[in-house]
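Colleague: What follows is a single structure, and I will ask about it in a moment.
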Amino acid sequence: MRVVATDLDRTLLPNGRQEYDGSMPAFCRMIKKENLKLIYVTGRNLRLVKEAVAEFKTPWPDFIVAEVGTKLYSRNNGRFVEDSEWIRRIRSVTRNWNIDHFQERLSSIKGLRIQEKDKQNEFKLSYYVDESEGSSQLVRKVTEIIKRLSKDATVVYSVNETQNVRLLDILPRSATKLTGLEYIRKRLRLKKQDIIYCGDSGNDTLPLTFGYKSILVRNAIPEVKNTVREISQQKGILDNLYIAKGCKKLNGHYVSGIIEGLIKFGVLPPRYAE
């Protein structure tokens with residue numbers, strides 16, 4: 001079994017600034033014809049995932065790792081069912097988790113703005129980071145505060161370059177894009193090499209450098225490309241990474257870059273680029 005696990009916004013979805021080459025219908029046909037399992041790994045909640053499928057005519061996934069790993073869903077007879085065992089696992093290994101306390105301690109930090117209510121959940125505290133603030137210094141400050149409050153917490157920073165929005169998520173270490181995907185992989189009894197992970201942003205760094213076959217779409221920002229390349233080199237897994245650049249009829253942006261990478265890794269035959 002081969003599994004394509006992909007981020008949505010500006011990775012699979014052509015909703016960035018770069019040109020879209022119209023390759024989504026071809027991707028849908030490939031997924032079905034080549035009998036590939038599909039997992040969406042995203043910061044979106046279930047409602048927003050469904051909206052994305054409807055708007056961009058993407059394939060329906062077999063699984064969803066949603067809300068940056070804090071929610072998992074599987075598709076059963078056309079319906080998405082939440083994995084309650086995942087929530088129980090997070091609770092069982094996460095200590096000193098008190099979002100109200102976290103928010104209170106972070107309330108005085110200039111440059112942090114709490115995100116909308118529907119972007120929060122029991123294990124996800126999300127902020128916008130003002131562009132005027134020194135983001136790296138702010139992220140370090142937040143990380144230091146949160147680490148003192150809970151050793152089981154992690155801080156994830158990413159940039160939505162299309163909307164020029166900086167995002168910061170506070171999550172349990174046990175509930176990230178990577179841990180959610182690993183939970184599904186082990187449940188399906190798959191090997192790491194059975195997974196091809198596709199991403200574009202900072203919150204994709206962990207799964208992109210974990211040891212799966214990994215695809216960075218061409219429109220990923222240079223900072224992310226450099227970081228992922230450096231970590232992969234340090235780990236000795238650079239051969240597992242492909243950074244799309246465009247080939248033949250594929251321009252390498254968004255879903256096109258995913259197709260290009262799947263061809264590179266031999267998951268799809270070369271004719272799909274012709």
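Here, each number is a calculation from the coordinates, and none is a lab measurement. These numbers were taken from a predicted model, which means no experiment stands behind them. Counting neighbours? That spans all protein chains shown, and the Cβs are built from the backbone with ideal geometry, glycine included.
Colleague: Can you tell me how much longer the chain between T143 and K50 gets when fully stretched, taken as 0.36 nm per residue apart minus their C-alpha distance, in nm with one decimal?
Modeller: 30.2 nm
Colleague: So which residue, out of L112, L46, L36, gets the largest mean-square fluctuation from a GNM of the chain using Cα contacts under 10 Å as springs?
Modeller: Among L112, L46, L36, the largest GNM mean-square fluctuation belongs to L36.
Colleague: Tell me what the chain gives for mean residue ellipticity at 222 nm when only DSSP H runs of n ≥ 4 count, each as -39,500 (n - 2.57), the sum divided by the residue total, rounded to 500 deg cm²/dmol.
Modeller: Numbers: 9 runs with 93 residues, N = 274.
Value at 222 nm, helices only, nearest 500: -10000 deg cm²/dmol.
Colleague: Follow-up. Separation between the R75 and K32 pseudo-spin-labels, each 7 Å from Cα along Cα→Cβ, expressed in nm?
Modeller: Once both label points are built, they end up 1.1 nm from each other.
Colleague: Right, next: Over all pairs of distinct alpha carbons, what does the Kirkwood formula give as the hydrodynamic radius of the chain, in Å?
Modeller: On the way: mean 1/r = 0.0525 Å⁻¹.
For the chain, inverting the mean 1/r across all distinct Cα pairs yields 19.0 Å.
Colleague: While we're on this one: Can you give me the Cα centroid spacing of the stretch 1-38 and the stretch 222-274 in angstrom?
Modeller: 13
Colleague: Scan the stretch 109-143 for chymotrypsin sites (Phe, Trp or Tyr not before Pro) in coil per DSSP, keeping those whose Cβ has at most 16 other Cβ atoms within 10 Å, and list them by number.
Modeller: Working: sites: F123, Y127, Y128; in loops: F123.
Sites meeting the loop and neighbour criteria: none at all.
Colleague: Note the full-extension length gain between T227 and N160 as 0.36 nm times their separation in residues minus their Cα-Cα distance, in nm to one decimal. All intermediate terms of the calculation are to be shown ahead of the outcome.
Modeller: Details: separation 67, 0.36 × 67 = 24.12 nm, distance 1.65 nm.
Extra length from T227 to N160 when fully extended: 22.5 nm.
Colleague: Further question: Please report, in debye to the nearest 20, how large the charge dipole of the chain is about its Cα centre when each Lys and Arg carries +1 at its beta carbon and each Asp and Glu carries -1 there.
Modeller: Working: 48 positive and 33 negative charges, 180 e Å.
Result for the chain is approximately 860 debye, rounded to the nearest 20.
Colleague: With each pseudo-label sitting 7 Å past Cα toward Cβ, what's the K110-N96 distance in nm, one decimal?
Modeller: Result for the modelled spin labels: 2.8 nm.
Colleague: Report the residue, chosen from L178, L206, L12, that carries the largest GNM mean-square fluctuation when the chain is represented by alpha-carbon nodes joined by springs under 10 Å.
Modeller: Maximum fluctuation in the GNM of the chain, among the listed residues, is at L206.
Colleague: What's the longest uninterrupted piece of the chain once you rule out the trypsin sites (Lys or Arg not before Pro) that are loop residues per DSSP with at most 13 other Cβ within 10 Å? Intermediate results must be reported in sequence, preceding the final value.
Modeller: Values: sites that count: R17, K57, R95, K110, K151, R189, K191, K245, K248.
Answer from the scan: 192-244.
Colleague: So for the pair R173, L238, with labels modelled 7 Å out along Cα→Cβ, what separation do we get in nm?
Modeller: 3.0
Colleague: Nearest 5 percent is fine: what portion of the DSSP beta bridges confined to the chain is antiparallel?
Modeller: On the way: 26 of 45 bridges.
Looking only at bridges with both residues in the chain, the antiparallel portion is about 60 percent.
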